[in-house]
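Only one structure is covered here, and it is reproduced in the block below.
The values are calculated or read from the model by the stated rules, or taken from the named source; none is laboratory data. As the structure is a computational prediction, the values presented were derived from the model and not from experiment. Ideal geometry is used to build each Cβ from the backbone, glycine not excepted, and the neighbour counts take in all protein chains shown. When the accessible area is computed, the model is the full protein with side chains, heavy atoms only, and any ligands, DNA or RNA have been set aside. Shrake-Rupley method; radii C 1.70, N 1.55, O 1.52, S 1.80 Å.
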Amino acid sequence: MRRPTFRKAMIGLACAIMACIALMAAAAPLLAPHDPDAIDLEHKFAPPSLEHPLGCDHLGRDELSRLIYAARVSMGSALVIAASILIFGFAAGATAGFLGGRTDAVLMRLCDVFLTFPTFILAMFMVGVLGTGLTNVILAVALTHWAWYARIIRSLALTLKHRDYVLAARISGSGRLKTAWLHILPPIAAQLAILATLDIGHMMMHVSGLSFLGLGVTPPTPEWGVMISDARQFVWTHPELIMYPGAMIFITVMAFNLLGDAMRDALDPALAEAE
Amino acid sequence: MPLYVLKRLALLVPMLLAVSVTVFLILRLGQGDPAMSYLRLSNIPPTDEALATARQELGLDRPLPVQYADWLGKAVRLDFGRSYVTKNPVLDEILYYLPNTLILAGFSLFLTLAVSLPLGAISAVEKDKLPDQLVRGLSFFGVSIPNFFLGFVLVWIFSVKLRWLPSMGMGGLDHMILPAVTMSLMSLCINARLIRANMLENIHARFALYARARGLSERAVTGRHVLVNSLIPVITAVGMHVGELFGGAVVAESIFSWPGVGRYAVSAIYNRDYPVMQCFILIMTAIFVTMNLAVDILYAWIDPRIRLQGESK
């Protein structure tokens with residue numbers, strides 16, 4: 001088992017990284033030294049300087065400004081996806097678990113169908129049908145992941161359904177919706193938060209991966225996957241243009257994973273022992 | 001056992017039917033208009049008249065259930081239509097590229113298993129010592145790095161700087177290493193973690209205690225009983241890895257210019273070449289489902305508890 005001090009340091013680090021990136025995303029217009037979309041061909045591939053701390057890309061756009069603005073798109077989209085999956089997954093999962101019977105059967109068969117596809121391939125296909133762009137990518141990734149959550153939430157709801165306190169609430173006249181909201185959600189909220197934290201990194205990789213393939217956020221919108229895709233042909237001459245956005249994704253995903261692991265350890269010491 | 005296999009095989013039919021309906025509905029309910037793409041890719045100006053003709057030609061003017069039945073009838077006879085771009089039968093084109101992808105995915109799967117097994121085992125045996133910490137560090141790194149970035153890091157290190165390995169195209173084994181590592185690193189790390197966790201759990205299991213009570217050395221207990229029992233859940237994980245590998249293959253093929261079906265599909269999606277998109281997702285899903293079925297059967301064969309449970313119902 002890891003020493004508590006080490007674990008605390010890692011959690012601190014993860015939180016610090018996430019705070020930095022959230023700040024970058026929130027205060028992008030204040031922090032960015034330049035307009036992220038301003039093309040200036042005279043500064044094409046400009047080396048780092050005081051004016052352009054990380055240099056410029058192949059169109060002379062300021063690399064640092066683009067990285068900062070991209071935090072908005074990458075992190076924002078991942079958060080929107082995670083939130084919508086949690087809401088939709090809870091709605092479907094709790095309904096299925098709580099109502100049981102035919103509703104349960106129909107919802108779970110629907111989940112089964114979605115779980116049959118390889119996730120990334122289905123997301124690609126959906127973007128192909130819906131068209132590229134931020135909204136459609138968010139929709140595609142959310143649609144390909146909700147079934148996992150619906151299933152987990154259903155099984156969690158099932159374990160709680162017959163608990164005495166839930167029955168007591170039902171007997172005393174609490175409606176199904178109210179019971180689910182007041183008596184099912186709170187006990188599983190912590191587990192859901194951990195799941196979502198561990199998955200946010202995964203969602204980000206999906207969005208950026210699709211954007212990298214040209215099937216996601218469209219250029220010139222600054223997004224880390226788009227930036228890697230823009231710089232891919234210059235890997236031999238200007239690898240740093242790939243390394244900066246790549247490192248940003250890597251660090252962000254790592255911070256979410258660290259935090260998720262730490263949250264799981266804190267909630268479930270038995271599991272942490274086995275790890 | 002044969003009964004179990006038959007039951008599982010019979011389940012395959014409704015599953016694939018559901019998949020085909022879903023794909024069909026997503027395509028038809030989406031915003032895109034296949035007739036429009038068809039005209040655009042055939043270089044015909046999309047006048048109202050041309051659109052109407054194209055719709056009739058493609059059968060888009062008929063009710064949805066009729067369209068689906070017609071399409072399914074052809075699909076069962078392996079006729080998936082013709083590409084809007086090349087006008088060749090879609091299945092032929094996909095089957096032309098598919099083997100390249102399967103070779104790459106197979107090699108990646110082999111790499112995943114061959115590397116994660118020793119890593120996970122060492123990590124569990126040397127728990128909390130240096131090797132364990134190194135493996136855990138590596139797995140943490142591996143699950144956080146996105147494959148589309150990893151690919152370029154590998155190109156930069158091994159092709160640009162060291163000039164050891166080629167960065168694009170298909171050829172000998174050396175062409176396969178970088179794309180395969182790109183595809184497998186994440187599942188490799190997840191697998192190593194899984195094996196480690198299973199082994200740590202099984203070290204205290206009753207069968208291990210019994211083996212120790214019989215006087216077996218700790219080495220024999222770990223190697224023969226703990227390790228082997230820890231591999232059973234890995235079989236299930238392999239089924240899931242295949243899905244991840246297909247997604248990874250699309251990315252790796254794009255980075256390393258590997259002439260596989262993923263790269264072909266991405267260009268089809270750019271072009272809105274609907275028959276190709278449809279056939280691609282169906283074939284990949286069919287392979288994925290079949291692999292998972294094989295995994296389930298293998299699992300039941302190894303672990304009798306599973307199949308007996310099924311039969312008692």
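Starting with the highest mean, order A:88-101, A:208-221, B:12-25 by the number of other Cβ atoms within 10 Å, averaged over the residues of each peptide.
Output ranking for A:88-101, A:208-221, B:12-25: A:208-221, A:88-101, B:12-25.
With just the Cα atoms of region A:150-260, tell me how far they stretch along each of the three principal axes, in Å, largest first.
On the principal axes, region A:150-260 reaches 71, 26, 18 Å in Cα extent.
At a Förster radius of 30 Å, what calculated FRET efficiency corresponds to the Cβ-Cβ distance of A:Ala16 and A:Thr237, to the nearest 0.05?
0.30
How much length is gained if the chain between B:Leu29 and B:Thr236 is pulled fully straight, taking 0.36 nm per residue apart and subtracting their Cα-Cα distance, in nm to one decimal?
71.1 nm
Cut-off 10 angstrom, C-alpha nodes, Gaussian network model of chain A. Which of A:Leu86, A:Leu158, A:Leu50 fluctuates the most?
A:Leu50
Might you tell me the accessible area per residue for region B:161-289, computed with a 1.4 Å probe and given in Å²?
40
Can you give the angle from 0 to 90° between the axis of helix A:119-130 and the longest principal axis of chain A, with both taken from C-alpha atoms, to the nearest 10?
Approximately 70 degrees, to the nearest ten.
Does any residue of region A:98-127 lose at least 30 Å² of accessible area with all protein chains in place compared with its chain alone, and if so which ones (probe 1.4 Å)?
With the partner chains in place, region A:98-127 has these residues losing at least 30 Å²: A:Val113, A:Thr116, A:Phe117, A:Pro118, A:Phe120, A:Ile121, A:Met124, A:Phe125.
Summarise the accessible area of region B:34-144 (1.4 Å probe, protein heavy atoms) by the percent that is carbon and sulfur.
66
As a check on your grasp of the helix formula, calculate [θ] at 222 nm for chain A: sum -39500 (n - 2.57) over DSSP H runs of n ≥ 4, divide by the residue count, round to the nearest 500.
It lands at -24500 deg cm²/dmol.
Between 0 and 90 degrees, rounded to the nearest ten: what's the tilt of helix A:4-26 against the longest Cα principal axis of chain A?
Value to nearest ten degrees: 60.
Would you tell me the mean number of C-beta atoms belonging to other protein chains that fall within 10 Å of each C-beta in B:139-145, as a whole number?
5
Take the solvent-accessible surface of the protein heavy atoms, probe 1.4 Å, and return the percent of it on chain A that carbon and sulfur atoms account for.
68
Please give the Cα centre distance for region A:190-253 versus region A:159-188, rounded to the nearest Å.
The distance from the Cα centre of region A:190-253 to that of region A:159-188 comes to 41 Å.
For the pair B:Ala18/B:Arg77, report the inter-label distance in nm, with labels modelled 7 Å from Cα in the Cβ direction.
2.9
What do you get for Rg/Rh of region A:38-197 when both radii come from the Cα atoms and Rh is the Kirkwood radius?
Over the Cα atoms of region A:38-197, Rg/Rh equals 1.20.
At a Förster distance of 51 Å, what's the computed FRET efficiency of B:Leu165 paired with B:Thr53, Cβ-Cβ distance as r, to 0.05?
Efficiency for this residue pair is about 0.45.
Run the Debye formula on the Cα coordinates of chain A, all scatterers equal and no solvent, and tell me log10 I(q)/I(0) at q = 0.07, 0.08 1/Å.
Each listed q maps to, in turn, -0.33, -0.42.
Name the helices (complete DSSP H segments) of chain B with a Cα length along the long axis of 24 Å or more and a Kyte-Doolittle mean of at least -1.0, or state none.
Helices meeting the span and hydropathy rule in chain B are B:2-29, B:90-125, B:173-202, B:227-255, B:274-302.
Which residues' amide hydrogens lie under 5 Å from the amide hydrogen of A:His58, considering only partners 5 or more residues apart or on another chain, with H built in the peptide plane?
The list, which skips near neighbours in sequence, is A:Phe45.
Work out how far the C-alpha atoms of the protein assembly as shown reach from end to end along every principal axis, then list the three figures in whole Å, largest first.
Computed over the Cα atoms, the extents are 79, 65, 61 Å.
Using each residue's phi in region A:140-155, evaluate 6.51 cos²θ - 1.76 cosθ + 1.60 at θ = phi - 60° and report the 3J(HN,Hα) Karplus result to the nearest Hz, with x for Gly and Pro.
5, 5, 5, 5, 8, 10, 4, 4, 4, 5, 4, 5, 4, 5, 4, 5
So what does the Cα-only Debye profile of region B:1-159 read at q = 0.12, 0.17, 0.20 Å⁻¹, as log10 I(q)/I(0), no solvent term?
-0.88, -1.13, -1.30
Using a 7 Å offset from the Cα along the Cα-to-Cβ direction at both B:Leu9 and A:Ser174, what is the distance between the two label points in nm, to one decimal?
Here the modelled spin labels are 5.1 nm apart.
Find the percent of Cα-Cα distances in chain B that exceed 26 Å, and round it to a whole number.
59
Could you name the lysines whose alpha carbon sits less than 21 Å from that of B:Lys74, not counting residues in the same chain fewer than 8 places away?
B:Lys87
Please calculate the 1.4 Å probe accessible area of A:Trp236, with all protein chains present, and give it to the nearest 10 Å².
Here the residue's solvent-accessible area equals roughly 130 Å².
Probe of 1.4 angstrom, ligands and nucleic acids ignored: what's the accessible area per residue over chain A, in square angstrom?
In whole numbers, chain A has 43 Å² accessible per residue.
Out of residues 5 or more away from B:Arg82 or on other chains, whose amide H comes under 5 Å of its own, with H placed 1.01 Å from N in the peptide plane?
B:Val90
Could you state how much accessible area is buried at the A-B interface, both sides summed, with a 1.4 Å probe, in Å² to the nearest 100?
4400
In degrees between 0 and 90, to the nearest 10, how far off the longest principal axis of chain A does helix A:240-267 point, with axes built from Cα atoms?
Here the helix axis deviates by roughly 20 degrees.
Over region B:184-279, what is the relative contact order in percent, taking alpha-carbon pairs closer than 8 angstrom and at least six residues apart?
It rounds to 22 percent for region B:184-279.
Determine ³J(HN,Hα), in whole Hz, for all residues of region A:61-77 in sequence, where each value follows from phi through the Karplus function 6.51 cos²θ - 1.76 cosθ + 1.60 and θ = phi - 60°; x replaces Gly and Pro.
Going residue by residue, I get 7, 5, 5, 4, 4, 5, 4, 5, 5, 5, 4, 4, 5, 5, 6, x, 5 Hz, with x marking Gly and Pro.
Straight-line reach from B:Lys129: which aspartates and glutamates fall under 15 Å, measuring Cα to Cα and dropping same-chain residues less than 8 apart?
A:Glu275
Given a Förster radius of 60 Å and the C-beta distance between B:Val228 and A:Ile39 as r, what FRET efficiency does 1/(1 + (r/R0)^6) yield to the nearest 0.05?
It comes to 0.50.
Over the heavy atoms of B:Lys129, what accessible area does a 1.4 Å probe trace out, to the nearest 10 Å²?
110
With each label point set 7 Å from Cα along the Cα-Cβ vector, what nm distance links A:Leu50 and B:Val66?
7.5
Pairs of alpha-carbon atoms within less than 8 angstrom and 6+ residues apart define the contacts here; what relative contact order does chain A have, in percent?
23
What percent do you get for the relative contact order of chain B when only Cα pairs under 8 Å and 6+ apart count?
Relative contact order of chain B: 25 percent.
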